[in-house]
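Data first, discussion second: the structure below is written as structure tokens.
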Ligand code: FES
């Protein structure tokens, strides 16, 4: 599991291995719009403040991945040992 800190709402959430960041955010009452849930539509894109993202979507280019400024919360996760801070 890993932690996600939601900067604007002030919540820190734990994302278990078998759940998506998107699910955990929505469950906590932080509404992130979503559609495909497969990393292909871009609807759930969320701004990243810090933390290393393990990008698992099919949308971002390698340059965008390296910039680490945004993530698709339906499929992407934190890299091992990292905590994500999101602008949400
Ligand atoms: Fe489509 Fe996340 S819901 S990319």
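What to note about this one:
- Arranged from fewest to most other beta-carbon atoms within 10 Å of their beta carbon, 44, 6 become 6, 44.
- For region 12-57, the square roots a ≥ b ≥ c of the C-alpha gyration tensor eigenvalues yield an a/c under 1.5, which makes the shape rounded.
- Relative contact order for the chain, counting Cα pairs under 8 Å that sit 6 or more residues apart, in percent: 37 percent
- Cα-based shape type of the chain, given that a ≥ b ≥ c are square roots of the gyration tensor eigenvalues and the cut on a/c is 1.5: rounded
- Antiparallel bridges, percent of DSSP beta bridges restricted to the chain (to nearest 5): 80 percent
Laboratory data are not the source of any read-out in this text; all were calculated from the coordinates shown. It should be emphasised that the depicted structure is a prediction, and the values quoted were computed from it without experimental measurement. Cβ sites come from the backbone with ideal geometry, for glycine too, and all protein chains shown count toward neighbours.
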